[in-house]
1. Looking only at residues that are touching a strand residue (DSSP E or B) at 6+ places or on another chain (Cβ under 6 Å) and without any contact (Cβ under 8 Å) to a residue 40 or more places away in the chain in segment 426-443, which one is nearest to residue 470 (Cα to Cα)?
2. For segment 181-219, enumerate the residues that are open to solvent by 50 Å² or more (accessible area, probe 1.4 Å), charged (D, E, K, R) and not in a strand (DSSP E or B).
3. Test each condition in (1) in contact with a Cys (Cβ under 9 Å, 6 or more places away or on another chain); (2) at pLDDT below 90; (3) surrounded by fewer than 19 Cβ atoms within 10 Å (Cβ to Cβ) for residue 305 and report the one that comes out false.
4. Are any residues in segment 12-66 among the aliphatic types (A, V, I, L, M) and free of Cβ contacts under 8 Å to residues at least 24 places away in the same chain, and if so, which ones?
5. Go through (1) surrounded by 16 or more Cβ atoms within 10 Å (Cβ to Cβ); (2) closer than 19 Å to residue 364 by Cα one by one and return the number of the condition residue 423 breaks.
6. Restricting segment 482-522 to residues that are more than 25 Å from the chain's Cα centre (by Cα), of a type in the set (A, V, I, L, M, F, W, C) and surrounded by 15 or more Cβ atoms within 10 Å (Cβ to Cβ), which is modelled with the lowest pLDDT?
7. Against the condition assigned to a loop (DSSP other than H, G, I, E, B), open to solvent by 10 Å² or more (accessible area, probe 1.4 Å) and touching a strand residue (DSSP E or B) at 6+ places or on another chain (Cβ under 6 Å), how does residue 232 come out, does it pass?
8. I'd like to know if segment 56-63 contains one or more residues that are aliphatic (A, V, I, L, M), at pLDDT 90 or above and crowded, with 19+ Cβ neighbours inside 10 Å.
Amino acid sequence: MEGSPRLGPKGLIKKHEFVRILIQCLYSIGYEKSASCLELESGISCKSDDFQLLESQISSGNWDGCVDTLNAIKDLTDDTRAAALFLVFKQCLLEYLSCGDDKLAVAILQKEVSALQVDRDKVHNLARSILSWKEVEQSKIDDNAVRELRKKLSQELEKWLPSPITLPEHRLEHLVETAVLSQIDSCMYHNLSDEVSLYADHSCSRDQIPTETVQILTEHKNEVWFVQFSNNGEYLASSSSDCTAIIWKVPEDGRVTLKHTLRSHHNPVSFVAWSPDDSKLLTCGNVEVLKLWDVETGTCKHTFGDPGFIVSSCAWFPDSKQLVCGSSDPEKGIYMWDCDGNELKAWRGMRMPKILDLAVTPDGQNLISIFSDKEIRILNVGTNAERVISEDHSITSLSISEDSKFFIVNLNSQEIHMWDVAGEWVKPLKYMGHKQSKYVIRSCFGGLNSTFIASGSENAQVYIWNRRNSRPIEVLRGHSMTVNCVSWNHRRPQMLASASDDHSIRIWGSSLSIKIQPQKLS
(Lines give C-alpha, C1' and ligand atoms only; values in the text may rest on other atoms or scores of the structure.)
Protein backbone atom coordinates (compact mmCIF):
# COMPACT_ATOMS: atom_id res chain seq x y z
CA MET A 1 0.00 0.00 0.00
CA GLU A 2 1.52 3.28 -1.15
CA GLY A 3 -0.08 5.45 1.56
CA SER A 4 0.44 3.01 4.42
CA PRO A 5 1.67 4.64 7.67
CA ARG A 6 5.28 3.88 8.63
CA LEU A 7 6.66 2.45 11.86
CA GLY A 8 10.07 2.60 13.53
CA PRO A 9 12.39 5.54 14.22
CA LYS A 10 13.65 5.56 10.62
CA GLY A 11 10.25 5.03 9.04
CA LEU A 12 11.37 1.95 7.10
CA ILE A 13 8.54 -0.39 8.15
CA LYS A 14 5.15 -0.22 6.46
CA LYS A 15 2.46 -0.61 9.13
CA HIS A 16 0.18 -2.66 6.85
CA GLU A 17 2.96 -5.17 6.06
CA PHE A 18 4.08 -5.37 9.67
CA VAL A 19 0.57 -6.08 10.98
CA ARG A 20 0.00 -8.66 8.24
CA ILE A 21 3.10 -10.70 9.05
CA LEU A 22 2.32 -10.34 12.76
CA ILE A 23 -1.09 -11.91 12.13
CA GLN A 24 0.57 -14.69 10.13
CA CYS A 25 2.94 -15.37 13.03
CA LEU A 26 0.08 -15.55 15.54
CA TYR A 27 -1.72 -18.08 13.35
CA SER A 28 1.43 -20.16 12.86
CA ILE A 29 2.23 -20.43 16.58
CA GLY A 30 -1.34 -21.39 17.49
CA TYR A 31 -2.87 -18.11 18.70
CA GLU A 32 -5.78 -18.23 16.25
CA LYS A 33 -8.22 -16.20 18.40
CA SER A 34 -5.66 -13.43 18.90
CA ALA A 35 -4.85 -13.43 15.18
CA SER A 36 -8.53 -13.23 14.26
CA CYS A 37 -9.09 -10.36 16.73
CA LEU A 38 -6.15 -8.46 15.28
CA GLU A 39 -7.51 -8.93 11.77
CA LEU A 40 -10.88 -7.59 12.91
CA GLU A 41 -9.46 -4.62 14.83
CA SER A 42 -6.90 -3.60 12.19
CA GLY A 43 -9.00 -4.33 9.13
CA ILE A 44 -5.97 -6.13 7.68
CA SER A 45 -6.22 -9.75 6.58
CA CYS A 46 -3.37 -12.23 6.71
CA LYS A 47 -4.33 -13.39 3.22
CA SER A 48 -4.61 -11.07 0.22
CA ASP A 49 -7.92 -10.53 -1.57
CA ASP A 50 -6.61 -12.40 -4.62
CA PHE A 51 -5.61 -15.44 -2.61
CA GLN A 52 -8.82 -15.48 -0.58
CA LEU A 53 -10.78 -15.54 -3.84
CA LEU A 54 -8.55 -18.29 -5.21
CA GLU A 55 -8.91 -20.31 -2.00
CA SER A 56 -12.70 -19.98 -2.14
CA GLN A 57 -12.79 -21.13 -5.77
CA ILE A 58 -10.61 -24.17 -4.97
CA SER A 59 -12.79 -25.08 -2.01
CA SER A 60 -15.94 -25.06 -4.17
CA GLY A 61 -14.27 -26.78 -7.15
CA ASN A 62 -14.73 -23.76 -9.42
CA TRP A 63 -11.81 -24.62 -11.68
CA ASP A 64 -12.66 -22.16 -14.45
CA GLY A 65 -12.75 -19.43 -11.84
CA CYS A 66 -9.34 -20.56 -10.50
CA VAL A 67 -7.85 -20.34 -13.98
CA ASP A 68 -9.35 -16.89 -14.56
CA THR A 69 -8.08 -15.62 -11.19
CA LEU A 70 -4.54 -16.88 -11.79
CA ASN A 71 -4.49 -15.37 -15.27
CA ALA A 72 -5.73 -12.04 -13.91
CA ILE A 73 -3.10 -11.68 -11.18
CA LYS A 74 -0.53 -9.11 -12.23
CA ASP A 75 3.24 -9.28 -11.72
CA LEU A 76 3.39 -13.09 -11.98
CA THR A 77 6.27 -14.44 -14.02
CA ASP A 78 5.34 -16.78 -16.85
CA ASP A 79 7.03 -19.70 -15.07
CA THR A 80 5.18 -19.09 -11.79
CA ARG A 81 1.82 -18.70 -13.53
CA ALA A 82 2.38 -21.91 -15.53
CA ALA A 83 3.43 -23.86 -12.41
CA ALA A 84 0.35 -22.65 -10.49
CA LEU A 85 -2.01 -23.49 -13.37
CA PHE A 86 -0.45 -26.95 -13.66
CA LEU A 87 -1.26 -27.66 -9.99
CA VAL A 88 -4.86 -26.54 -10.51
CA PHE A 89 -5.31 -28.63 -13.66
CA LYS A 90 -3.77 -31.64 -11.90
CA GLN A 91 -6.40 -31.48 -9.15
CA CYS A 92 -9.14 -30.83 -11.70
CA LEU A 93 -8.13 -33.91 -13.72
CA LEU A 94 -8.07 -36.08 -10.63
CA GLU A 95 -11.61 -35.08 -9.68
CA TYR A 96 -12.94 -35.56 -13.23
CA LEU A 97 -11.40 -39.02 -13.37
CA SER A 98 -12.89 -39.87 -9.98
CA CYS A 99 -16.33 -38.90 -11.31
CA GLY A 100 -15.81 -41.04 -14.44
CA ASP A 101 -15.60 -38.08 -16.82
CA ASP A 102 -12.57 -39.45 -18.69
CA LYS A 103 -13.21 -37.52 -21.89
CA LEU A 104 -13.21 -34.14 -20.17
CA ALA A 105 -10.05 -35.08 -18.26
CA VAL A 106 -8.25 -36.08 -21.47
CA ALA A 107 -9.47 -32.91 -23.21
CA ILE A 108 -8.04 -30.71 -20.45
CA LEU A 109 -4.77 -32.62 -20.59
CA GLN A 110 -4.49 -32.21 -24.35
CA LYS A 111 -5.69 -28.60 -24.67
CA GLU A 112 -4.84 -26.85 -21.41
CA VAL A 113 -1.98 -28.73 -19.74
CA SER A 114 -0.02 -29.39 -22.93
CA ALA A 115 -0.06 -25.67 -23.73
CA LEU A 116 1.63 -24.74 -20.43
CA GLN A 117 5.32 -23.89 -20.44
CA VAL A 118 6.28 -26.46 -17.82
CA ASP A 119 8.70 -29.36 -17.65
CA ARG A 120 7.59 -31.93 -20.24
CA ASP A 121 8.39 -34.74 -17.81
CA LYS A 122 5.69 -33.41 -15.48
CA VAL A 123 3.15 -33.46 -18.29
CA HIS A 124 4.12 -37.00 -19.31
CA ASN A 125 3.92 -38.21 -15.71
CA LEU A 126 0.46 -36.69 -15.38
CA ALA A 127 -0.64 -38.45 -18.58
CA ARG A 128 0.70 -41.75 -17.28
CA SER A 129 -1.19 -41.29 -14.02
CA ILE A 130 -4.43 -40.92 -16.00
CA LEU A 131 -3.76 -44.19 -17.83
CA SER A 132 -2.91 -45.94 -14.57
CA TRP A 133 -6.08 -44.64 -12.97
CA LYS A 134 -8.21 -45.99 -15.84
CA GLU A 135 -6.43 -49.35 -15.86
CA VAL A 136 -7.02 -50.08 -12.18
CA GLU A 137 -10.55 -48.58 -12.35
CA GLN A 138 -10.22 -46.64 -9.13
CA SER A 139 -13.45 -45.99 -7.26
CA LYS A 140 -14.75 -42.47 -6.68
CA ILE A 141 -12.88 -40.39 -4.12
CA ASP A 142 -15.10 -39.61 -1.13
CA ASP A 143 -15.99 -36.06 -0.15
CA ASN A 144 -13.60 -35.93 2.84
CA ALA A 145 -10.67 -36.94 0.65
CA VAL A 146 -11.64 -34.29 -1.92
CA ARG A 147 -11.72 -31.60 0.78
CA GLU A 148 -8.26 -32.63 2.01
CA LEU A 149 -6.83 -32.62 -1.52
CA ARG A 150 -8.25 -29.17 -2.21
CA LYS A 151 -6.84 -27.90 1.08
CA LYS A 152 -3.45 -29.31 0.12
CA LEU A 153 -3.68 -27.56 -3.27
CA SER A 154 -4.31 -24.21 -1.52
CA GLN A 155 -1.26 -24.79 0.69
CA GLU A 156 0.91 -25.63 -2.31
CA LEU A 157 -0.21 -22.51 -4.17
CA GLU A 158 0.46 -20.43 -1.06
CA LYS A 159 4.08 -21.57 -1.27
CA TRP A 160 4.34 -21.03 -5.03
CA LEU A 161 2.76 -17.59 -5.37
CA PRO A 162 4.98 -14.59 -4.55
CA SER A 163 4.38 -11.76 -2.09
CA PRO A 164 2.29 -9.76 -1.60
CA ILE A 165 -0.25 -12.28 -2.97
CA THR A 166 0.92 -14.70 -0.29
CA LEU A 167 3.44 -14.38 2.51
CA PRO A 168 6.56 -16.54 2.76
CA GLU A 169 6.22 -19.09 5.54
CA HIS A 170 7.26 -17.92 9.03
CA ARG A 171 8.12 -14.47 7.70
CA LEU A 172 8.37 -12.73 11.09
CA GLU A 173 10.54 -15.48 12.57
CA HIS A 174 12.81 -15.25 9.52
CA LEU A 175 13.19 -11.47 9.88
CA VAL A 176 13.98 -11.73 13.59
CA GLU A 177 16.49 -14.55 13.04
CA THR A 178 18.17 -12.53 10.29
CA ALA A 179 18.52 -9.57 12.67
CA VAL A 180 19.95 -11.80 15.42
CA LEU A 181 22.42 -13.44 13.02
CA SER A 182 23.48 -10.02 11.78
CA GLN A 183 24.27 -8.98 15.34
CA ILE A 184 26.18 -12.21 15.95
CA ASP A 185 28.15 -11.72 12.71
CA SER A 186 29.13 -8.21 13.75
CA CYS A 187 30.25 -9.42 17.20
CA MET A 188 34.02 -9.93 16.96
CA TYR A 189 34.17 -11.95 20.21
CA HIS A 190 31.11 -14.17 19.82
CA ASN A 191 32.07 -17.51 21.32
CA LEU A 192 28.96 -18.63 23.18
CA SER A 193 26.70 -21.56 22.38
CA ASP A 194 24.01 -20.12 24.69
CA GLU A 195 20.85 -18.82 23.09
CA VAL A 196 20.88 -15.14 22.18
CA SER A 197 18.18 -13.10 23.94
CA LEU A 198 15.83 -10.84 21.99
CA TYR A 199 15.54 -8.46 24.93
CA ALA A 200 18.78 -6.61 24.19
CA ASP A 201 21.20 -6.08 21.32
CA HIS A 202 23.82 -8.82 21.28
CA SER A 203 27.48 -8.09 22.01
CA CYS A 204 30.19 -10.26 23.58
CA SER A 205 33.19 -8.95 25.47
CA ARG A 206 36.76 -10.20 25.08
CA ASP A 207 36.11 -12.36 28.16
CA GLN A 208 34.58 -14.94 25.81
CA ILE A 209 37.90 -15.94 24.21
CA PRO A 210 41.18 -17.16 25.76
CA THR A 211 43.36 -14.12 26.49
CA GLU A 212 45.05 -14.92 29.82
CA THR A 213 47.70 -17.47 30.79
CA VAL A 214 46.10 -19.86 33.27
CA GLN A 215 48.85 -22.52 33.36
CA ILE A 216 52.44 -23.00 32.21
CA LEU A 217 53.70 -26.52 31.44
CA THR A 218 57.48 -26.88 31.65
CA GLU A 219 58.06 -30.63 31.49
CA HIS A 220 59.83 -30.50 28.12
CA LYS A 221 63.60 -29.97 28.32
CA ASN A 222 64.02 -28.17 25.01
CA GLU A 223 62.08 -26.27 22.35
CA VAL A 224 58.42 -27.32 22.06
CA TRP A 225 57.58 -27.59 18.37
CA PHE A 226 54.05 -28.89 18.25
CA VAL A 227 50.91 -29.03 20.38
CA GLN A 228 47.42 -30.38 19.65
CA PHE A 229 44.26 -31.02 21.68
CA SER A 230 42.47 -34.32 21.17
CA ASN A 231 39.17 -34.29 19.29
CA ASN A 232 37.14 -34.81 22.47
CA GLY A 233 39.10 -32.06 24.23
CA GLU A 234 40.10 -34.34 27.10
CA TYR A 235 43.79 -34.64 26.19
CA LEU A 236 46.62 -32.50 24.89
CA ALA A 237 49.67 -33.84 23.05
CA SER A 238 52.96 -32.01 22.61
CA SER A 239 56.27 -32.75 20.93
CA SER A 240 59.70 -31.30 21.40
CA SER A 241 63.25 -31.16 20.16
CA ASP A 242 64.11 -33.03 23.39
CA CYS A 243 63.10 -36.19 21.41
CA THR A 244 59.94 -36.78 23.45
CA ALA A 245 56.23 -36.36 23.06
CA ILE A 246 53.91 -35.90 26.03
CA ILE A 247 50.25 -36.81 26.47
CA TRP A 248 48.55 -34.48 28.93
CA LYS A 249 45.20 -34.99 30.64
CA VAL A 250 42.67 -32.13 30.53
CA PRO A 251 40.16 -32.80 33.35
CA GLU A 252 36.88 -31.01 33.97
CA ASP A 253 38.47 -28.35 36.17
CA GLY A 254 40.77 -27.40 33.28
CA ARG A 255 44.03 -28.01 35.17
CA VAL A 256 46.28 -29.86 32.72
CA THR A 257 48.26 -32.78 34.17
CA LEU A 258 50.88 -35.10 32.70
CA LYS A 259 49.62 -38.54 31.65
CA HIS A 260 52.45 -40.15 29.63
CA THR A 261 55.89 -39.16 28.40
CA LEU A 262 56.57 -41.00 25.13
CA ARG A 263 60.28 -41.88 24.84
CA SER A 264 61.27 -43.85 21.76
CA HIS A 265 62.43 -41.40 19.14
CA HIS A 266 66.13 -40.73 18.67
CA ASN A 267 65.59 -37.37 16.99
CA PRO A 268 63.41 -34.34 17.80
CA VAL A 269 59.70 -35.03 17.48
CA SER A 270 58.24 -32.54 15.04
CA PHE A 271 54.59 -33.52 14.72
CA VAL A 272 51.76 -35.44 16.41
CA ALA A 273 48.29 -36.48 15.18
CA TRP A 274 45.31 -37.78 17.17
CA SER A 275 43.15 -40.54 15.74
CA PRO A 276 39.54 -39.35 15.35
CA ASP A 277 38.44 -41.64 18.21
CA ASP A 278 41.33 -40.33 20.37
CA SER A 279 42.51 -43.85 21.26
CA LYS A 280 45.76 -43.57 19.29
CA LEU A 281 48.45 -40.98 18.67
CA LEU A 282 50.97 -40.70 15.86
CA THR A 283 54.35 -39.06 16.40
CA CYS A 284 56.71 -37.99 13.63
CA GLY A 285 60.41 -37.94 14.35
CA ASN A 286 62.43 -35.29 12.55
CA VAL A 287 64.17 -37.13 9.65
CA GLU A 288 63.02 -40.31 11.33
CA VAL A 289 60.27 -42.93 11.53
CA LEU A 290 56.58 -42.57 12.33
CA LYS A 291 55.33 -44.20 15.55
CA LEU A 292 51.86 -45.24 16.69
CA TRP A 293 51.03 -45.03 20.42
CA ASP A 294 48.21 -46.31 22.59
CA VAL A 295 46.85 -43.27 24.43
CA GLU A 296 45.56 -45.14 27.47
CA THR A 297 48.73 -47.12 28.20
CA GLY A 298 51.35 -44.90 26.59
CA THR A 299 52.95 -47.88 24.81
CA CYS A 300 54.29 -47.84 21.25
CA LYS A 301 52.13 -50.15 19.13
CA HIS A 302 53.88 -49.85 15.78
CA THR A 303 56.75 -48.18 13.94
CA PHE A 304 56.22 -47.22 10.29
CA GLY A 305 58.97 -46.89 7.72
CA ASP A 306 62.68 -47.38 8.28
CA PRO A 307 65.49 -45.24 9.64
CA GLY A 308 65.97 -43.67 6.22
CA PHE A 309 62.30 -42.77 5.82
CA ILE A 310 61.96 -38.98 6.19
CA VAL A 311 58.51 -38.17 7.57
CA SER A 312 57.24 -34.60 7.30
CA SER A 313 53.60 -34.94 8.34
CA CYS A 314 50.83 -37.44 9.03
CA ALA A 315 47.05 -37.55 9.27
CA TRP A 316 44.17 -39.94 9.99
CA PHE A 317 41.10 -40.95 8.06
CA PRO A 318 37.75 -40.77 9.96
CA ASP A 319 37.58 -44.51 10.74
CA SER A 320 40.72 -44.29 12.96
CA LYS A 321 42.02 -47.35 11.09
CA GLN A 322 43.77 -45.75 8.12
CA LEU A 323 46.44 -43.08 8.10
CA VAL A 324 48.59 -41.20 5.62
CA CYS A 325 52.02 -39.72 5.93
CA GLY A 326 54.01 -37.45 3.69
CA SER A 327 57.74 -37.52 3.15
CA SER A 328 60.14 -34.71 2.40
CA ASP A 329 61.98 -37.29 0.26
CA PRO A 330 60.66 -36.79 -3.31
CA GLU A 331 61.05 -40.51 -4.05
CA LYS A 332 58.73 -41.47 -1.18
CA GLY A 333 55.73 -39.17 -1.75
CA ILE A 334 52.62 -40.06 0.29
CA TYR A 335 51.82 -43.44 1.86
CA MET A 336 48.50 -44.74 3.16
CA TRP A 337 48.76 -47.46 5.81
CA ASP A 338 46.54 -49.37 8.17
CA CYS A 339 47.44 -49.46 11.85
CA ASP A 340 49.47 -52.67 11.39
CA GLY A 341 51.75 -51.05 8.83
CA ASN A 342 50.23 -52.64 5.72
CA GLU A 343 50.57 -50.31 2.77
CA LEU A 344 47.15 -49.60 1.26
CA LYS A 345 48.06 -46.99 -1.30
CA ALA A 346 50.92 -44.73 -2.32
CA TRP A 347 51.39 -41.62 -4.40
CA ARG A 348 54.92 -41.36 -5.77
CA GLY A 349 56.81 -40.09 -8.80
CA MET A 350 57.49 -36.80 -10.50
CA ARG A 351 54.02 -35.46 -9.75
CA MET A 352 54.60 -35.94 -6.04
CA PRO A 353 57.70 -33.96 -5.02
CA LYS A 354 58.62 -33.48 -1.38
CA ILE A 355 55.65 -33.09 0.95
CA LEU A 356 55.90 -30.31 3.52
CA ASP A 357 52.57 -30.86 5.27
CA LEU A 358 49.32 -32.73 4.72
CA ALA A 359 45.88 -33.20 6.26
CA VAL A 360 42.69 -35.16 5.67
CA THR A 361 39.39 -33.30 5.92
CA PRO A 362 37.34 -34.55 8.90
CA ASP A 363 34.71 -35.95 6.53
CA GLY A 364 37.43 -38.09 4.90
CA GLN A 365 36.66 -36.88 1.38
CA ASN A 366 39.78 -34.85 0.61
CA LEU A 367 43.51 -35.22 1.13
CA ILE A 368 45.20 -31.82 1.15
CA SER A 369 48.97 -31.58 0.88
CA ILE A 370 51.61 -28.87 0.63
CA PHE A 371 54.33 -29.65 -1.88
CA SER A 372 56.98 -27.91 -3.96
CA ASP A 373 57.17 -25.18 -1.34
CA LYS A 374 54.40 -23.00 -2.80
CA GLU A 375 51.67 -25.35 -4.03
CA ILE A 376 48.57 -26.83 -2.41
CA ARG A 377 47.15 -30.06 -3.82
CA ILE A 378 43.54 -31.02 -3.03
CA LEU A 379 42.80 -34.64 -3.92
CA ASN A 380 39.31 -36.10 -3.72
CA VAL A 381 40.01 -39.54 -2.29
CA GLY A 382 36.89 -41.11 -3.80
CA THR A 383 37.07 -39.76 -7.35
CA ASN A 384 40.83 -39.02 -7.61
CA ALA A 385 39.88 -35.58 -8.96
CA GLU A 386 42.45 -33.01 -7.95
CA ARG A 387 43.20 -29.34 -8.21
CA VAL A 388 46.27 -27.32 -7.38
CA ILE A 389 46.45 -23.87 -5.81
CA SER A 390 49.67 -21.91 -6.27
CA GLU A 391 50.80 -19.35 -3.72
CA ASP A 392 53.38 -16.65 -4.36
CA HIS A 393 55.35 -17.34 -1.19
CA SER A 394 56.60 -20.42 0.66
CA ILE A 395 54.00 -22.31 2.70
CA THR A 396 55.03 -23.71 6.08
CA SER A 397 51.89 -25.33 7.49
CA LEU A 398 48.28 -26.32 6.92
CA SER A 399 45.16 -26.59 9.09
CA ILE A 400 41.55 -27.60 8.25
CA SER A 401 38.29 -26.42 9.82
CA GLU A 402 36.11 -28.88 11.74
CA ASP A 403 33.34 -28.71 9.14
CA SER A 404 35.78 -29.73 6.33
CA LYS A 405 34.87 -26.61 4.32
CA PHE A 406 37.94 -24.42 4.78
CA PHE A 407 41.68 -24.61 5.33
CA ILE A 408 44.38 -22.13 6.24
CA VAL A 409 48.04 -22.02 5.29
CA ASN A 410 50.86 -20.04 6.90
CA LEU A 411 53.18 -18.25 4.50
CA ASN A 412 56.64 -16.87 5.19
CA SER A 413 55.40 -13.55 3.79
CA GLN A 414 53.82 -12.92 7.21
CA GLU A 415 50.32 -13.76 6.00
CA ILE A 416 47.82 -16.54 6.64
CA HIS A 417 45.52 -17.43 3.74
CA MET A 418 42.14 -19.15 4.09
CA TRP A 419 40.79 -21.11 1.10
CA ASP A 420 37.57 -23.06 0.61
CA VAL A 421 37.97 -26.79 0.00
CA ALA A 422 35.24 -26.86 -2.69
CA GLY A 423 37.22 -24.50 -4.92
CA GLU A 424 34.58 -21.81 -5.33
CA TRP A 425 36.84 -18.93 -4.24
CA VAL A 426 39.08 -17.19 -6.76
CA LYS A 427 41.12 -15.49 -4.03
CA PRO A 428 41.79 -16.41 -0.41
CA LEU A 429 40.88 -14.42 2.68
CA LYS A 430 44.05 -13.00 4.18
CA TYR A 431 45.13 -12.46 7.77
CA MET A 432 48.15 -10.48 8.84
CA GLY A 433 49.83 -8.82 11.80
CA HIS A 434 51.97 -11.68 13.11
CA LYS A 435 55.67 -12.18 12.38
CA GLN A 436 56.92 -15.07 10.23
CA SER A 437 59.84 -15.09 7.83
CA LYS A 438 62.30 -17.81 8.87
CA TYR A 439 60.63 -20.61 10.83
CA VAL A 440 57.73 -23.06 10.58
CA ILE A 441 54.79 -21.40 12.33
CA ARG A 442 51.49 -23.23 12.73
CA SER A 443 48.00 -21.80 13.04
CA CYS A 444 44.58 -23.31 13.76
CA PHE A 445 40.85 -22.69 13.66
CA GLY A 446 39.04 -22.37 16.96
CA GLY A 447 36.12 -21.17 19.01
CA LEU A 448 32.43 -21.68 18.41
CA ASN A 449 31.86 -22.88 14.82
CA SER A 450 35.57 -22.32 14.09
CA THR A 451 34.90 -18.57 14.13
CA PHE A 452 38.47 -17.68 15.07
CA ILE A 453 41.97 -18.27 13.77
CA ALA A 454 44.98 -18.38 16.09
CA SER A 455 48.66 -18.47 15.17
CA GLY A 456 52.08 -18.48 16.72
CA SER A 457 54.64 -15.88 15.76
CA GLU A 458 58.39 -15.31 15.65
CA ASN A 459 58.04 -12.35 18.04
CA ALA A 460 57.05 -14.65 20.96
CA GLN A 461 53.37 -13.71 20.80
CA VAL A 462 50.09 -15.47 19.98
CA TYR A 463 47.70 -13.79 17.56
CA ILE A 464 43.94 -14.26 17.33
CA TRP A 465 41.72 -13.16 14.44
CA ASN A 466 38.00 -13.28 13.88
CA ARG A 467 37.68 -14.93 10.46
CA ARG A 468 35.76 -11.90 9.17
CA ASN A 469 38.59 -9.49 9.97
CA SER A 470 42.08 -9.46 8.43
CA ARG A 471 43.64 -7.76 11.47
CA PRO A 472 44.07 -9.51 14.83
CA ILE A 473 41.55 -8.83 17.57
CA GLU A 474 43.94 -10.02 20.31
CA VAL A 475 47.70 -10.37 20.79
CA LEU A 476 48.69 -12.62 23.70
CA ARG A 477 51.99 -12.00 25.45
CA GLY A 478 53.80 -14.31 27.82
CA HIS A 479 56.30 -16.46 25.92
CA SER A 480 59.90 -15.27 25.69
CA MET A 481 60.84 -16.91 22.37
CA THR A 482 59.22 -17.92 19.05
CA VAL A 483 55.74 -19.47 19.38
CA ASN A 484 55.84 -22.42 16.98
CA CYS A 485 52.34 -23.85 17.22
CA VAL A 486 48.92 -23.22 18.73
CA SER A 487 45.90 -25.46 19.27
CA TRP A 488 42.36 -24.48 20.22
CA ASN A 489 40.32 -26.93 22.27
CA HIS A 490 37.26 -27.57 20.10
CA ARG A 491 35.19 -28.87 23.01
CA ARG A 492 36.20 -26.01 25.30
CA PRO A 493 36.05 -22.90 23.15
CA GLN A 494 37.72 -20.77 25.83
CA MET A 495 40.88 -22.91 26.03
CA LEU A 496 43.96 -22.44 23.85
CA ALA A 497 47.45 -23.97 24.04
CA SER A 498 50.69 -22.57 22.61
CA ALA A 499 54.11 -24.20 22.20
CA SER A 500 57.32 -22.19 22.21
CA ASP A 501 61.09 -22.32 21.80
CA ASP A 502 61.25 -21.13 25.42
CA HIS A 503 60.70 -24.84 26.37
CA SER A 504 57.18 -24.18 27.66
CA ILE A 505 53.54 -24.73 26.78
CA ARG A 506 51.10 -22.07 27.86
CA ILE A 507 47.44 -22.78 28.49
CA TRP A 508 45.31 -19.75 27.81
CA GLY A 509 41.82 -19.17 29.17
CA SER A 510 39.23 -16.46 29.53
CA SER A 511 39.98 -13.57 31.87
CA LEU A 512 37.06 -14.88 33.93
CA SER A 513 38.80 -18.24 34.43
CA ILE A 514 40.03 -19.27 37.85
CA LYS A 515 43.74 -18.84 37.39
CA ILE A 516 46.01 -21.74 38.16
CA GLN A 517 49.31 -20.78 39.70
CA PRO A 518 52.00 -21.24 37.01
CA GLN A 519 54.16 -24.13 38.04
CA LYS A 520 56.54 -26.76 36.81
CA LEU A 521 55.02 -30.23 36.63
CA SER A 522 57.09 -33.03 38.05
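1. 432
2. Selection gives 185, 194, 195, 201, 206.
3. The number of the failed condition is (3).
4. Of the residues in segment 12-66, the ones among the aliphatic types (A, V, I, L, M) are 12-13, 19, 21-23, 26, 29, 35, 38, 40, 44, 53-54, 58.
Answer for segment 12-66, where residues must be among the aliphatic types (A, V, I, L, M) and free of Cβ contacts under 8 Å to residues at least 24 places away in the same chain: 12, 13, 23, 26, 29, 35, 38, 40, 53.
5. Here residue 423 clears every test but (1).
6. Among them, the one singled out is 516.
7. Criteria not met by residue 232.
8. yes
The values are calculated or read from the model by the stated rules, or taken from the named source; none is laboratory data. Keep in mind the model is a prediction, meaning the values are calculated, not measured. FYI the Cβ positions are ideal-geometry reconstructions off the backbone, even for glycines, and counts take in every protein chain you see. SASA here: full protein model, heavy atoms, side chains in, ligands and nucleic acids out. Shrake-Rupley method; radii C 1.70, N 1.55, O 1.52, S 1.80 Å.
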